[in-house]
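For reference, the structure is listed below as structure tokens.
The values are calculated or read from the model by the stated rules, or taken from the named source; none is laboratory data. Just so it is clear, the model here is predicted, and its values are computed rather than measured. Every residue, glycine among them, receives a Cβ derived from its backbone with ideal geometry; neighbour counts consider all protein chains shown. These area figures cover heavy atoms from the full protein model, side chains too; ligands, DNA and RNA do not enter into them. Shrake-Rupley method; radii C 1.70, N 1.55, O 1.52, S 1.80 Å.
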Amino acid sequence: MNTTRRNFLKTSMAVAAAAAFASPAKLLAAGAKKTGQSQKALSSDKMVLTFEPFEARMKHVFTISGSSRSTTPIVLTRISYQGHVGYGEASMPPYLGESTASVIDFLKRVDLSRFSSPFQMEEILTYVDNITTNNTAAKCAVDIALHDLCGKLMGQPWWKIWGWSNKNLPSTCVTVGLAYAADGSIDREEVRKKTLETLDYNLIKVKLGNTEENDKTMINTIREVTDLPIVVDANQGWKEKGQALSMIEWLAARGVEMVEQPMPKLMLDQAAWLRDRSPLPIMADEACQRLSDIRKLYGAYDGINIKLMKCTGMREAREMITLAKALNMRIMMGCMTETSVAISAAAQFASQLEWADLDGNWLIANDIFTGMKVVDGYITLEDKPGIGVEPI
Ligand code: MG
């Protein structure tokens, strides 16, 4: 028996064991039962998609410019095929317009039985994308599970299948969320506390886009605790280009190295004006959802923030990286509040990123998978097949 075959069998057994004993697998198996799919169907020659809602509980109430919340709805997916299982996930923060109900409605419409092999990835994912215009998180849940499955069938992780490295990967930044006192000012004690929790990392992300006074208080408070480099996400919060520029100049003098989405996403001319004058690179997040958005952002932003839940998953994310590189645009990857499934899928791209914002699993208290690990602040990727996750 050659090594590949041995690894292949070892992988199959590990997957089978995980499917038999682990809680999310049980959860999903229960979902399969509900939808009338037997265990026999799960190991059949046809791909079987199952899914189940899950609520991610956040360690802290999470506040960005405009909203606060303490849980995030998620739908876990799995695609079973010949005894192998690929895991996926849709995360639905409310501002993206998807809900557990809309994702489940979408997934019920996905009929994988019309395809004979999971390796028809282009065909399958094009079919999935064409079911509706939106539902990017639901589409992503299928995309990630299919990638995980195919990687497991090949016995290789995606970073390796794509010819990339797992050496010298970037740090992930970790977010210090906004915290307000009862009078609407920044709760400095709470911000100090949150900042102290991030000191094992190498890069802090701060959500701004509030009043000038609150924004400056956030940065000053963090700077009382640490000199770690900071990236700022204004989440479209600065509405006027002159105001945005003077904030960015102020931030540049305080060890901030990049600003994400300083102004509203539709203000492209103003973003271009700002980019011409900004001492810091500005990155498009809300303005950049999918591959087709990149062309219009060229010249207005220095780079793009790719998120799997926005762009329908790993297939399109890879295309976005190729196009951004061709345009000499800078690349970061971000996340929603997610379990280790979607974070580990995003981490496959780590070697291609200038900034990684993959702390979604760190932000939740009830992760049910293990996968990508952060060591000394850096992303690490093991040599595990697919997206490299296992149910806890
Ligand atoms: Mg952002």
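Kindly indicate the residue of the stretch 277-292 that is more than 18 Å from the chain's Cα centre (by Cα) and open to solvent by less than 50 Å² (accessible area, probe 1.4 Å) and also nearest to the ligand (Cβ to nearest atom) among those meeting that condition. Residue satisfying both the conditions and the ranking: ILE282.
Among the residues of the stretch 267-276, none qualifies, meaning not one is under 24 Å from the mean Cα position of the chain (by Cα), without any contact (Cβ under 8 Å) to a residue 60 or more places away in the chain, within 16 Å of the ligand (Cβ to nearest atom) and assigned by TED's automatic domain parsing to the domain that holds GLU354. Considering the stretch 154-264, the qualifying strands (runs of 3 or more DSSP E), each wholly inside and each with 1 or more residues that are at negative phi and surrounded by fewer than 18 Cβ atoms within 10 Å (Cβ to Cβ), run over 256-260. Here ILE321, ILE343 are screened, and the one residue that is buried (at least 24 other Cβ atoms within 10 Å of the Cβ) and among the aliphatic types (A, V, I, L, M) is ILE343. Residue pairs whose Cβ atoms lie under 7 Å apart, separated by 6 or more positions or on different chains, with the first residue in the stretch 174-185 and free of Cβ contacts under 8 Å to residues at least 12 places away in the same chain and the second open to solvent by less than 40 Å² (accessible area, probe 1.4 Å) and of a type in the set (Val, Ile, Thr), do not occur.
Report yes if some residue within the stretch 360-373 is open to solvent by less than 20 Å² (accessible area, probe 1.4 Å), within 14 Å of the ligand (Cβ to nearest atom), in contact with a Cys (Cβ under 7 Å, 6 or more places away or on another chain) and not in a strand (DSSP E or B); otherwise report no. Checked against the condition, which is being open to solvent by less than 20 Å² (accessible area, probe 1.4 Å), within 14 Å of the ligand (Cβ to nearest atom), in contact with a Cys (Cβ under 7 Å, 6 or more places away or on another chain) and not in a strand (DSSP E or B), the stretch 360-373 yields at least one hit. The single condition among (1) within 16 Å of the ligand (Cβ to nearest atom); (2) closer than 25 Å to THR136 by Cα; (3) in contact with a Leu (Cβ under 9 Å, 6 or more places away or on another chain) that GLU257 does not satisfy is (2).
Within the bounds of the stretch 320-328, is there any residue that is within 16 Å of the ligand (Cβ to nearest atom), within 30 Å of CYS150 (Cβ to Cβ) and either of a type in the set (Phe, Trp, Tyr) or in contact (Cβ under 8 Å) with a residue 60 or more places away in the chain (or both)? Within the stretch 320-328 (the criterion being within 16 Å of the ligand (Cβ to nearest atom), within 30 Å of CYS150 (Cβ to Cβ) and either of a type in the set (Phe, Trp, Tyr) or in contact (Cβ under 8 Å) with a residue 60 or more places away in the chain (or both)), the answer is no, since none of the residues qualifies. Of GLY303, GLY242, GLY313, all but one fail to be within 14 Å of the ligand (Cβ to nearest atom), small (Gly, Ala, Ser) and outside the structural domain of SER91 (by TED's automatic domain parsing); the exception is GLY303.
On the basis of being in the same structural domain as GLY237 (by TED's automatic domain parsing), within 16 Å of the ligand (Cβ to nearest atom), of a type in the set (S, T, N, Q) and modelled with pLDDT of 95 or more, does GLN348 make the cut? Judged against the criteria, GLN348 is not a match.
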